[in-house]
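The values are calculated or read from the model by the stated rules, or taken from the named source; none is laboratory data. Model, not experiment: these values are computed from the prediction. We place every Cβ from the backbone using ideal geometry, glycine too, and count neighbours over all the protein chains shown. Note: areas computed on protein heavy atoms with side chains; ligands, DNA, RNA excluded. Shrake-Rupley method; radii C 1.70, N 1.55, O 1.52, S 1.80 Å.
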Amino acid sequence: ESLIYNFSIYITDKAIFIGFIGNLLGEQGSLLMTGLLPFWFLEGDATDAETQASLFGRALQPSFSMHYRAIGSQILEGKNPDRWFSGSYADYIPNHYELGYRLVTHANQREGRYVWGDIIDYSARRPYLIASHQKGMQKVLGIKTVDLFRETFFSNNELWTQAPHIPAATAWEEGVSTIAATPKKGWQSYSHPMWLDNQRIVALHSTLDRTDRFVIIDTSTGAIESSVATGTISTRPTIADGVVWWSEYRPSTFFNTRVGSVVRSYDFDSKRVTTHRLAENALYPTPLPEGGLAWVEYNPEGTYTLHTPRGEKLFTDHSLHGLAWDNKTELFYLLAQGDNGMSIISFDPVNSAINTIRKPAFVTLSDLRAEGGKLYFGSVASGIDNTHSIDLASLHEERLSEALFGAFDPAPSPDGERVAMTLYSAHGYSVVTAENEGIESVEWSQLPASTINTPNIDWGIPKIDTIDFTESDLTESVSKSPARRYSRIGHLFRFHSYAPLMFDPEEIMEGAVNELGLGVTLLSQNITGDMIARVGYGYTAQKGQNASLSLKYLGFAPKLEFTAKWQQHHPTPGNMVRGLIGIEGDTLAYVQRFNNGNLHFDKANPQHQFAGDRNYITLSGRVYLPIFLGG
């Protein structure tokens with residue numbers, strides 16, 4: 001990310017103070033100093049970097065600006081734009097990646113150069129200032145963050161309202177039938193519409209405050225019936241013979257960082273949900289005639305396997321992002337992504353033959369479905385997310401929608417006369433139907449049209465899409481840096497941070513400071529994150545010299561913890577009410593509280609000698625089994 005590159009320059013060459021902090025605290029120093037920079041800048045600059053390194057990267061995707069385009073001038077209403085930086089529980093707010101990219105790139109375009117290096121330099125040299133990044137912006141740009149925000153979206157909205165696609169999009173949307181509309185206030189989402197029959201549509205319904213669930217929508221009356229709740233869906237659902245199939249993320253029972261994907265189904269007649277344990281990472285379940293099922297399995301080494309009733313097909317050169325079965329051609333169709341972009345291919349389960357239906361291009365495709373000799377999918381070829389179809393006999397591609405902000409998830413009705421899809425507006429996604437007719441022929445192009453993308457300066461760096469990494473390049477790279485067996489035991493420790501203090505970072509994270517004094521603390525976490533260690537030595541007035549060792553191993557289902565502590569002063573007896581009363585010889589007199597509440601002056605027992613006469617060591621361990629229960 002560009003921030004890491006720029007920040008490292010300022011640490012080593014310019015920002016002496018930050019360099020000192022880095023030497024003092026190790027990797028924690030960089031983390032501490034990033035606190036001088038707002039989160040929207042950190043991620044916005046990083047998004048700009050990855051977009052600059054590709055032909056049509058993340059920030060150029062039309063969905064990346066979709067909500068801002070839908071909101072329009074409303075974003076400039078009111079004096080305080082804090083909700084656009086901090087989020088909301090009532091309305092949908094784009095994340096810091098989307099906001100940060102708009103602000104960062106507008107500032108660069110405004111000045112005709114990359115200005116954030118100068119702003120970082122200013123704030124890095126003056127970390128003692130309150131809001132040093134804000135003052136750096138005022139110094140370099142002459143404006144504050146709130147002014148940059150207003151200037152950015154005034155400029156963006158002016159460009160978006162003048163885009164040439166607006167009149168045609170408005171005319172098309174006036175001709176569609178809305179059967180499940182978004183509210184006039186708030187936000188909700190309908191996605192993945194599927195025809196239960198020629199009159200009823202099943203869709204996934206989501207809001208900001210309710211669990212996702214499938215609903216049945218009657219296209220003639222508009223009545224909506226809630227059906228079954230789901231977990232977090234991982235790939236598009238599909239329906240056949242009154243049964244809806246989908247895959248959803250499923251967290252590991254004992255390892256919270258391991259997430260798989262399971263296939264589930266729901267029968268609308270029997271009202272029964274079934275979980276199918278097909279594979280640890282099963283995706284795109286696709287019901288077949290005569291009760292068969294096909295699905296895609298993601299393999300941990302980065303490959304994909306297509307499972308069909310006739311056998312399996314391993315894909316090593318492509319990642320798979322969609323699967324559909326066409327009842328007319330009796331072939332499987334897949335969205336495949338390789339070095340040259342996304343393509344649509346066919347797979348014959350009889351002879352395992354693979355053919356290209358749509359040539360690879362750097363055009364994002366999504367939500368593939370097939371029915372009656374045609375493919376239906378989403379595409380950004382027009383520069384806006386729209387629905388497309390391909391006739392499998394002629395391989396002719398057509399655009400089915402002319403959306404103002406975005407159209408998604410096309411699904412043909414059983415009789416083939418209409419197509420259900422979702423349309424985006426400022427309040428979310430609504431379900432609409434339109435005639436199953438093409439609006440415009442689509443010619444193949446390597447890149448989408450740049451219809452609504454705002455201007456940005458070019459860094460002049462190579463585009464990763466244009467770099468041809470051949471098999472010989474791979475062989476040469478492997479020979480220079482051969483793979484080595486990873487030794488789990490040999491890599492248990494990686495001391496990455498240190499501090500001139502004796503402290504427990506976990507206590508500080510929880511808001512407690514029970515162990516803080518002069519000394520040194522070393523922190524370790526290995527590359528796989530399953531071994532965490534802390535070693536500390538220091539001095540405090542209460543404990544005198546003290547040392548501690550903490551080990552946590554999370555690589556097993558039962559988690560293991562071990563702690564050892566040594567301190568010079570013996571801890572105060574648990575029944576001491578008030579401190580030192582007097583010293584007689586080498587023993588301590590203290591006030592003792594009895595069960596009846598009376599106070600009694602006593603002399604310490606020999607084992608309760610005065611501090612300094614005896615060291616104190618505690619050893620503790622814990623074995624526990626966390627169980628993560630999720631839907």
Starting from the Cα coordinates of segment 201-267, work out the convex hull volume and express it per residue in Å³. 101
Please report the net charge: other residues with Cβ closer than 14 Å to the Cβ of PHE493, K and R +1, D and E -1. +3
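Report the full-extension gain for the segment HIS491 to THR253: residue separation times 0.36 nm, less the Cα-Cα distance, to one decimal in nm.
83.1 nm is the gain from fully extending HIS491 to THR253.
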For ILE527, what accessible area in Å² do you get when you roll a 1.4 Å probe over the heavy atoms of the protein chains, rounding to the nearest 10? 130
Amide proton proximity set for VAL442, modelled H, under 5 Å, gap of 5+: GLU397, GLU398, ARG399
Taking H as built 1.01 Å from N, whose amide H comes closer than 5 Å to the amide H of ARG418, not counting residues under 5 places away? SER413, ASN436
Once the Cβ-Cβ distance between SER481 and GLU301 is put in as r, and R0 is 30 Å, what FRET efficiency do you end up with, to the nearest 0.05? 0.95
Going from most exposed to least, what order do ARG250, ARG113, ARG534 have by accessible area with a 1.4 Å probe? ARG113, ARG250, ARG534
Projected label distance in nm at SER54 and GLU225, using a 7 Å step from Cα toward the beta-carbon: 4.2
If you take the Cα Rg of segment 347-457 and divide it by 2.2 N^0.38 Å, with N the number of residues, what do you get? 1.13
Tell me the Kirkwood radius of segment 389-436: reciprocal of the mean inverse pair distance over distinct alpha-carbon atoms, in Å. 11.7
Note the full-extension length gain between VAL350 and LEU474 as 0.36 nm times their separation in residues minus their Cα-Cα distance, in nm to one decimal. 41.2 nm
In what order, largest first, do LEU368, LEU42, LEU629 sit by accessible area if the probe radius is 1.4 Å? LEU629, LEU42, LEU368
Please list 3J(HN,Hα) in residue order for segment 373-387, calculated via the Karplus relation 6.51 cos²θ - 1.76 cosθ + 1.60 where θ = phi - 60°; whole Hz, with x for glycine and proline. x, 9, 9, 10, 6, x, 8, 9, 4, 7, x, 10, 5, 9, 8
Just order 409-418, 487-496 by mean Cβ neighbour count inside 10 Å, highest at the front, would you? 409-418, 487-496
Expected vector for segment 192-207, Karplus 3J(HN,Hα) from phi with 6.51, -1.76, 1.60 and θ = phi - 60°, integer Hz, x for Gly and Pro, equals 6, x, 9, 7, 6, 7, 5, 10, 10, 10, 9, 9, 8, 10, 9, 9
If eta is 0.692 mPa s and T is 37 °C, what Stokes-Einstein diffusion coefficient results for segment 195-354, Kirkwood Rh from Cα pairs, in µm²/s? 193
Mind ranking 65-71, 498-504 by how tightly packed they are, going by the mean number of other C-beta atoms within 10 angstrom, highest first? 65-71, 498-504
In sequence order, calculated HN-Hα J values of segment 247-256 (Karplus, 6.51, -1.76, 1.60; Hz; x Gly/Pro): 10, 9, 5, 9, x, 5, 5, 10, 10, 6
Give me the one-decimal nm value for the distance between modelled label points at GLU77 and ILE617, 7 Å along each residue's Cα-to-Cβ direction. 7.0
How do THR275, THR221 stack up against each other in accessible area, from largest to smallest, with a 1.4 angstrom probe? THR221, THR275
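Give me the one-decimal Kirkwood hydrodynamic radius in Å for segment 140-253, with the sum taken over alpha-carbon pairs.
Working: mean 1/r = 0.0561 Å⁻¹.
Kirkwood radius, segment 140-253: 17.8 Å.
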Restrict the search to segment 257-366; then list the GluC sites (Glu not before Pro) that DSSP places in a loop and that have at most 16 other Cβ atoms within 10 Å of their Cβ. GLU280, GLU301, GLU330
Here the net charge surrounding MET342, from other residues whose Cβ is less than 15 Å away from its Cβ (Lys, Arg +1; Asp, Glu -1), is -3
In whole percent, the fraction of accessible protein surface over segment 427-546 that belongs to carbon or sulfur atoms, probe radius 1.4 Å, stands at 57
